[in-house]
Amino acid sequence: MTVTYTYVVANTGNQFVSNISLTDAHTGSGPAPTPANETLTADNGIINDSTDAVVDGSWDRLAPGDEVTFTASYVVTQNDLDTLQ
């Protein structure tokens, strides 16, 4: 079984935020999910002022009021099931 995680980062402040990347603290026995596949999901205020040069697991510049979404997958292992992780 594969679990897909969605992470939403919202800039609720009044300044740009740069070089956003995420990690996930994970207790499963398999490799931890790595947030990637980032996409701009809310472009509020000035259109196209949030920028990202390449889909690489980080977001370059997030404008105030905007949101970026990352996704990651985790394959549940038999050990996870056995230990109720």
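Nothing in this text is a laboratory measurement; each read-out follows from the coordinates by a stated rule. Since this is a predicted model, take the numbers as computed values, not measurements. No Cβ is skipped: glycine too gets one built from the backbone with ideal geometry, and neighbour counts run over all protein chains shown.
Is there a residue in region 61-73 that is closer than 18 Å to residue 6 by Cα, surrounded by fewer than 13 Cβ atoms within 10 Å (Cβ to Cβ) and out of contact with any Cys (no Cβ under 8 Å at 6 or more places or on another chain)? The answer is yes, given that some residue of region 61-73 is closer than 18 Å to residue 6 by Cα, surrounded by fewer than 13 Cβ atoms within 10 Å (Cβ to Cβ) and out of contact with any Cys (no Cβ under 8 Å at 6 or more places or on another chain).
Out of region 14-36, which residues are over 14 Å from residue 68 (Cα atoms) and either within 14 Å of the chain's Cα centre (by Cα) or surrounded by 11 or more Cβ atoms within 10 Å (Cβ to Cβ) (or both)? It would help to see each step written out before you state the result.
First, the residues of region 14-36 that are over 14 Å from residue 68 (Cα atoms): 14-15, 23-34.
Within region 14-36, 23, 24, 25, 26, 28, 29, 30, 32, 33, 34 meet the criteria.
Entry remark, region 41-79: residues being touching a residue at least 40 places away in the same chain (Cβ under 8 Å) and in contact with a strand residue (DSSP E or B) (Cβ under 9 Å, 6 or more places away or on another chain) number 18 in total. Sub-8 Å Cβ pairs linking a first residue in region 1-30 that is without any contact (Cβ under 8 Å) to a residue 40 or more places away in the chain to a second residue that is outside any loop (DSSP other than H, G, I, E, B) and surrounded by 11 or more Cβ atoms within 10 Å (Cβ to Cβ), at least 6 apart or interchain, are 21/58; 21/59, ordered by first then second residue.
I'd like to check something: does region 15-30 contain any residue that is within 30 Å of residue 80 (Cβ to Cβ), in a strand (DSSP E or B) and polar (S, T, N, Q)?
Going residue by residue through region 15-30, those that are within 30 Å of residue 80 (Cβ to Cβ) are 20-30.
Checking the rest, the ones that are also in a strand (DSSP E or B) come to 20-21.
So of that shortlist, the ones also polar (S, T, N, Q) come out as 21.
Yes: one or more hits.
For region 31-60, taking the residues that are polar (S, T, N, Q) and part of a loop (DSSP other than H, G, I, E, B), the one that is farthest from residue 84 (Cα to Cα) is identified as 48. Taking the numbered list (1) out of contact with any Pro (no Cβ under 9 Å at 6 or more places or on another chain); (2) outside any helix (DSSP H, G or I) in turn, residue 81 passes all entries but (2).
Scan region 37-59 for residues that are surrounded by 17 or more Cβ atoms within 10 Å (Cβ to Cβ) and not hydroxyl-bearing (Ser, Thr, Tyr) and report the count.
Our first condition is that a residue be surrounded by 17 or more Cβ atoms within 10 Å (Cβ to Cβ); within region 37-59, this holds for 38, 50, 58-59.
From what is left, the residues that are not hydroxyl-bearing (Ser, Thr, Tyr) are 38, 59.
Qualifying residue count, region 37-59: 2.
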